[in-house]
Amino acid sequence: MSNFPSAGALSKPRVRFAPSPTGYLHIGGARTALFNWLFARRNGGSFILRVEDTDAERTKEDSVSQILSSLSWLGITWDEGPGKDGPKGPYFQSQRRDIYRKYAQRLLEGGNAYRCYCTPEELGRRREEDRKLGRAPRYDGRCRHLRDAERTRLEAEGRKPALRLMVPDSGVTLVEDLVHGPVEFENGLIGDFVIAKSDGFPTYNFACVVDDALMGMTHVIGADERRSNTPKQIMMYEALGFAKPVFAHVPMILAPDRSKLSKRHGATSVEEFRDAGYLPEATINYLAYLGWTPGDESELVSLEQMAERFSLESVSKTPAIYDTGKLTWLNGRYMREVSLERLVDAAIPVLLKAEVIPPDPSGDEMARVRDVLAAVRDRVKLLNDLPDAVGYFFKDDLTYDEKGFRKLFTKPGVAGLLRDARSTLARLSVFNVETTEAAYRDIIAAKGISGGELIHPTRLAITGRTVGPGLFEVMALLGREKVLDRLDTAVSLIDRGAGPK
């Protein structure tokens with residue numbers, strides 16, 4: 001029987017998300033961060049954010065701020081990390097180089113690592129030879145037993161050594177995985193691997209093991225595509241004498257055609273989703289469902305509800321399929337169901353950017369935005385749909401739907417109907433949803449026409465659209481003066497035989 005601990009065997013777990021600042025926060029990384037965060041919150045533990053910025057060539061200066069901003073936008077907060085110093089820092093790997101040098105020296109002095117003087121060109125040629133012979137490329141260990149005289153000669157040539165960990169030539173390394181179960185890796189296929197490059201910078205597997213151990217990580221919850229690194233990390237833990245954490249690898253996220261997810265499949269970063277007009281509530285809900293289910297038929301689940309229900313045992317073993325259609329549908333649900341105050345807060349920046357509302361809107365203008373959003377929220381799926389959906393409430397210059405104009409404004413008698421409607425509306429003592437609807441019902445009954453014969457051209461006249469919220473709700477929101485002016489404009493266009501503008 002395995003002595004492998006269960007997910008709940010450790011109280012107050014410590015988990016981490018450790019992105020490399022080489023670009024935007026990919027949805028796969030965001031999903032990994034989310035699962036770590038949920039696990040910590042579910043079990044009363046801590047979520048640590050660590051920035052793996054040792055690769056100077058690939059690190060981008062603005063990526064750190066973008067990653068932090070994306071996590072914050074999603075609602076994923078960290079207990080220790082950038083901006084939240086704790087006892088286990090620093091939390092940037094670039095500030096921990098002295099620590100890595102110390103532990104690299106320990107491995108070297110303990111006989112677990114050795115200096116390798118092979119050049120990149122030599123290693124490349126050997127890998128090519130392995131491929132030609134049908135062998136899996138692996139380091140042949142030729143520097144493992146160099147004598148002092150040979151090292152001196154190689155250093156005299158100007159070669160700067162890398163450090164490699166000695167890997168057993170036989171046997172297996174067992175990875176106990178909370179998601180996938182036990183998996184064995186043959187040591188002979190791994191080969192001695194580099195732990196510190198010739199420039200002194202640590203490699204990923206070495207630095208993350210040192211950091212995870214010193215920062216007290218109890219669980220390492222990572223992406224499935226990194227599972228092949230885990231046996232190397234286990235060897236590192238054993239060589240350094242560190243206690244091993246519990247490992248769990250969450251499923252990959254694949255494109256709809258089950259290929260590797262890429263830009264050609266649409267937005268793939270959190271920042272792109274935000275810019276496209278998705279709400280963070282919908283985005284985080286969608287990310288959670290990429291590989292996890294809450295155990296019931298729930299569709300809309302808040303972060304707090306996820307944290308109450310999350311377990312690694314309920315994470316799927318199979319890849320998740322990326323589907324922006326499902327995300328857009330989910331976002332539409334949130335647009336309808338979040339509080340109106342929350343929707344207003346999210347919509348204001350979008351409406352300001354589109355210049356639908358003025359900068360620094362007054363209290364009356366904010367009240368109007370609130371009322372308009374209440375009317376249109378059921379008909380939009382993205383925040384970015386709002387400027388178009390609400391524009392006619394705030395701007396006087398209408399653009400008519402061309403197809404609707406040809407269909408509705410060219411019918412015989414439509415101008416007369418709109419004139420009669422205009423006159424009736426002008427005489428109302430109170431102008432609201434109830435009175436305008438009653439007036440229209442009277443006109444329809446008196447003329448013996450269908451409701452659509454009057455309602456449809458009126459909608460086009462006052463909104464420029466053929467669809468939208470209830471006509472009488474729109475009238476009340478626009479107000480009497482604007483409705484009458486727009487009816488006058490439409491009648492004038494029809495009388496002159498003008499086309500849509």
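The values are calculated or read from the model by the stated rules, or taken from the named source; none is laboratory data. Treat the numbers as computed from the prediction; the structure is a model and nothing was measured. Cβ coordinates were reconstructed from backbone atoms using ideal geometry, including for glycine residues, and neighbour counts include every protein chain displayed. Keep in mind that these areas ignore ligands, DNA and RNA; they rest on the heavy atoms of the full protein, side chains included. Shrake-Rupley method; radii C 1.70, N 1.55, O 1.52, S 1.80 Å.
Could you tell me which of the residues 167, 210 is in a helix (DSSP H, G or I) and crowded, with 20+ Cβ neighbours inside 10 Å?
Numbers: 167 fails: in a helix (DSSP H, G or I).
After ruling out the rest, the residue left standing is 210.
Looking only at residues that are open to solvent by less than 70 Å² (accessible area, probe 1.4 Å) and of a type in the set (D, E, K, R) in the range 80-101, which one is farthest from the chain's Cα centre (by Cα)? Quick ask: steps written out before the conclusion?
Let us first name the residues in the range 80-101 that are open to solvent by less than 70 Å² (accessible area, probe 1.4 Å), namely 80-82, 86, 89-94, 96-97, 99-100.
Filter again for of a type in the set (D, E, K, R), leaving 80, 96-97.
Numbers: 80: 21, 96: 29, 97: 31 Å.
Top of the filtered list is 97.
Those residues that are open to solvent by 70 Å² or more (accessible area, probe 1.4 Å), over 24 Å from residue 443 (Cα atoms) and outside any helix (DSSP H, G or I), I need them from the range 383-433; list them, please.
395, 396, 397, 399
Specify the residue that is surrounded by the most Cβ atoms within 10 Å (Cβ to Cβ); the eligible residues are those in the range 313-322 that are under 15 Å from the mean Cα position of the chain (by Cα) and within 21 Å of residue 295 (Cβ to Cβ).
First pass over the range 313-322, keeping only residues under 15 Å from the mean Cα position of the chain (by Cα): 320-322.
From what is left, the residues that are within 21 Å of residue 295 (Cβ to Cβ) are 320-321.
Details: 320: 20, 321: 14.
The extreme case among them is 320.
Consider only pairs whose beta carbons are under 8 Å apart and that are at least six residues apart or on different chains; among these, list those whose first residue lies in the range 91-114 and is more than 20 Å from residue 64 (Cβ to Cβ) and in a helix (DSSP H, G or I) and whose second residue is at pLDDT below 95 and open to solvent by 30 Å² or more (accessible area, probe 1.4 Å).
101/200
State whether the residues of the range 444-460 include one that is closer than 30 Å to residue 354 by Cα and touching a residue at least 60 places away in the same chain (Cβ under 8 Å). Can you show your working first?
To start, the set of residues in the range 444-460 that are closer than 30 Å to residue 354 by Cα comprises 455-460.
Now restrict to residues that are touching a residue at least 60 places away in the same chain (Cβ under 8 Å): 460.
Within the range 444-460, one or more residues are closer than 30 Å to residue 354 by Cα and touching a residue at least 60 places away in the same chain (Cβ under 8 Å).
Identify, by number, the condition in (1) modelled with pLDDT under 95; (2) in contact with a Leu (Cβ under 8 Å, 6 or more places away or on another chain); (3) assigned to a helix (DSSP H, G or I) that residue 226 doesn't meet.
(2)
Conditions (1) out of contact with any Gly (no Cβ under 7 Å at 6 or more places or on another chain); (2) over 29 Å from residue 349 (Cα atoms); (3) at pLDDT 95 or above; (4) outside any loop (DSSP other than H, G, I, E, B), marked per residue:
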position: 278; (1), (2), (3), (4): yes, no, yes, no
position: 281; (1), (2), (3), (4): yes, no, yes, yes
position: 285; (1), (2), (3), (4): yes, no, yes, yes
position: 294; (1), (2), (3), (4): yes, yes, no, no
position: 298; (1), (2), (3), (4): yes, yes, no, no
position: 313; (1), (2), (3), (4): yes, yes, no, yes
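In the range 452-476, which residue that is in contact with a Lys or Arg (Cβ under 7 Å, 6 or more places away or on another chain) and either aromatic (Phe, Trp, Tyr) or assigned to a helix (DSSP H, G or I) (or both) is nearest to residue 395 (Cα to Cα)?
462
Residue 106 fails exactly one of the following numbered conditions: (1) at pLDDT 95 or above; (2) open to solvent by 60 Å² or more (accessible area, probe 1.4 Å); (3) under 21 Å from residue 20 (Cβ atoms); (4) not aliphatic (A, V, I, L, M). What is the number of that condition?
Of (1) at pLDDT 95 or above; (2) open to solvent by 60 Å² or more (accessible area, probe 1.4 Å); (3) under 21 Å from residue 20 (Cβ atoms); (4) not aliphatic (A, V, I, L, M), only one is false for residue 106: (3).
I'm told residue 365 meets every condition in (1) at pLDDT 95 or above; (2) of a type in the set (D, E, K, R); (3) over 18 Å from residue 467 (Cα atoms) except one. Can you identify the failing condition by its number?
Evaluating residue 365 over (1) at pLDDT 95 or above; (2) of a type in the set (D, E, K, R); (3) over 18 Å from residue 467 (Cα atoms) leaves (1) as the failure.
Would you be able to tell me the number of residues in the range 11-40 that are open to solvent by 10 Å² or more (accessible area, probe 1.4 Å), part of a helix (DSSP H, G or I) and within 21 Å of residue 89 (Cβ to Cβ)?
The qualifying residues number 1.
Name the residues in the range 377-423 that are among the aliphatic types (A, V, I, L, M) and more than 29 Å from the chain's Cα centre (by Cα), would you?
From the range 377-423, those among the aliphatic types (A, V, I, L, M) are 380, 382-383, 386, 389-390, 398, 408, 414-415, 417-418, 421; that's our starting set.
Result: 398, 408, 414, 415, 417, 418, 421.
Please go through the range 23-68 and pick out each residue that is of a type in the set (S, T, N, Q) and touching a residue at least 60 places away in the same chain (Cβ under 8 Å).
Let us first name the residues in the range 23-68 that are of a type in the set (S, T, N, Q), namely 32, 36, 43, 46, 54, 59, 63, 65-66.
Within the range 23-68, 32, 36, 54, 66 qualify.
Considering only residues that are assigned to a helix (DSSP H, G or I) and within 18 Å of residue 274 (Cβ to Cβ), look in the range 334-344 and name the one that is farthest from the chain's Cα centre (by Cα).
Keep residues of the range 334-344 that are assigned to a helix (DSSP H, G or I), which gives 334-337, 340-344.
From the residues that got through so far, the ones that are within 18 Å of residue 274 (Cβ to Cβ) too are 334-335, 342-344.
Values: 334: 16, 335: 18, 342: 20, 343: 19, 344: 22 Å.
By that ranking, first place goes to 344.
Is it fair to say residue 149 is in a helix (DSSP H, G or I), open to solvent by less than 80 Å² (accessible area, probe 1.4 Å) and more than 28 Å from residue 49 (Cα to Cα)?
Details: in a helix (DSSP H, G or I): yes; open to solvent by less than 80 Å² (accessible area, probe 1.4 Å): yes; more than 28 Å from residue 49 (Cα to Cα): yes.
Judged against the criteria, residue 149 is a match.
Out of the residues in the range 44-65 that are modelled with pLDDT under 95 and buried (at least 16 other Cβ atoms within 10 Å of the Cβ), which is farthest from residue 100 (Cα to Cα)?
Checked the range 44-65; the qualifying residue farthest from residue 100 (Cα to Cα) is 63.
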